Structure formats: structure tokens, C-alpha cells
Amino acid sequence: MFVNLPVKDLVKTKLFWEKLGYSFNSQFTDETAAALVLGDHSYAMLLTYEKIKDFTKKQIVDAHTATEVLVALDMESKEKVDEMIEKVLEAGGIEARPAEDYGFMYGRSFEDLDGHIWEVFYMDPHYVQK
């Protein structure tokens, strides 16, 4: 899966995600795009505004004022959720809303430098039916 997101400053955005412990696939990264590795088969393509215009004729949403998409990242534990939010705050992101604890699921969310909302959650694997 590749989620495509517009970013205003690719250099600052890459630094933000590196501070959170993430890396980039260099095969799909250049001065106009960066392939943020989220998992084995999951990526966020962080594209400059000029680059994303190659893929759409629609107006690009300013994520600081409108919601375009909510991206969720699963963590290994509640503690890992809290650790991620701490890193986000240190790297310049902001918490989007207070923590939510449903017992079987715990989540928090943040806005990155461009206002994109990322949900960070832990779900007890014993709760999920297969």
C-alpha cells in the first residue's frame, strides 16, 4: 500500500519522520518525493505540492484546515503508543486529541508538520477475531 500525501517542505518532513525512528526507501526517493517505510508492504509517499499535481487535477487540501485522510499506525503496546507521541512532540508535531482507552484498544493521534492526522493505536490481539 502506498498512501500519497502532499508536503510543503520535503527536507523538514523527512527529518521529522527520521526523528520518530522511520526510514525511507531510496529507490523511490528524490528531491520531489520520499517513500516513508511504514511496514513490510506499507509506505507513505510524501510528495511536494508540485509533484502531487502530476497525479491529480483537483485542488490540494490544506490539511491544517481540512481533513483529507486519517492514517492509522498500529503499535506493539500502549507504552509504544505513548513513546511515539512523545517523539512526535519532540520532533515538532502536535497531539490532535486526548488519548482514548477502550480497554481492548488504546489510541492517540497527532498532526505532522503539514497537518496530516496520524492515528497511533494498540489493539489487544486476543480481542480481534479471525
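On the stretch given as the range 61-71, residues that are under 15 Å from the mean Cα position of the chain (by Cα) and either surrounded by fewer than 18 Cβ atoms within 10 Å (Cβ to Cβ) or farther than 23 Å from VAL11 by Cα (or both) total 6.
If you take the residues of the range 101-130 that are charged (D, E, K, R) and in contact with a Phe, Trp or Tyr (Cβ under 7 Å, 6 or more places away or on another chain), which of them is farthest from PRO6 (Cα to Cα)? Taking the candidates together, the pick is ASP124.
Within the range 86-130, being closer than 16 Å to LEU15 by Cα, aliphatic (A, V, I, L, M) and in contact with a strand residue (DSSP E or B) (Cβ under 9 Å, 6 or more places away or on another chain) holds for VAL88, LEU89, ILE94, LEU113. Taken together, THR32, THR48, THR13 contain a single residue that is surrounded by fewer than 16 Cβ atoms within 10 Å (Cβ to Cβ) and either of a type in the set (Ser, Thr, Tyr) or within 15 Å of TYR122 (Cα to Cα) (or both), which is THR32. Taking the criterion of being assigned to a loop (DSSP other than H, G, I, E, B) and not hydroxyl-bearing (Ser, Thr, Tyr), the residues of the range 105-130 that qualify are ASP112, LEU113, ASP114, GLY115, HIS116, ASP124, PRO125, HIS126, VAL128, GLN129, LYS130. For the range 72-83, the criterion of a residue being free of Cβ contacts under 8 Å to residues at least 40 places away in the same chain, over 13 Å from the mean Cα position of the chain (by Cα) and surrounded by 13 or more Cβ atoms within 10 Å (Cβ to Cβ) is satisfied by at least one position. Selection of the range 89-126 for residues being among the aliphatic types (A, V, I, L, M) and over 11 Å from the mean Cα position of the chain (by Cα) yields LEU89, ALA91, ILE94, ALA96, ALA99, MET105, MET123. If the condition is being in a helix (DSSP H, G or I) and over 20 Å from VAL37 (Cα atoms), then the range 87-104 contributes LEU89, GLU90. Per the conditions (1) in a strand (DSSP E or B); (2) at pLDDT below 95; (3) within 20 Å of VAL7 (Cα to Cα), the sole criterion not satisfied by ASP62 is (1).
The values are calculated or read from the model by the stated rules, or taken from the named source; none is laboratory data. Quick caveat: nothing in here was measured; it's all calculated off a predicted structure. When we count neighbours, we look across all protein chains shown, and the Cβ atoms used for this are built from the backbone with ideal geometry, even at glycine.
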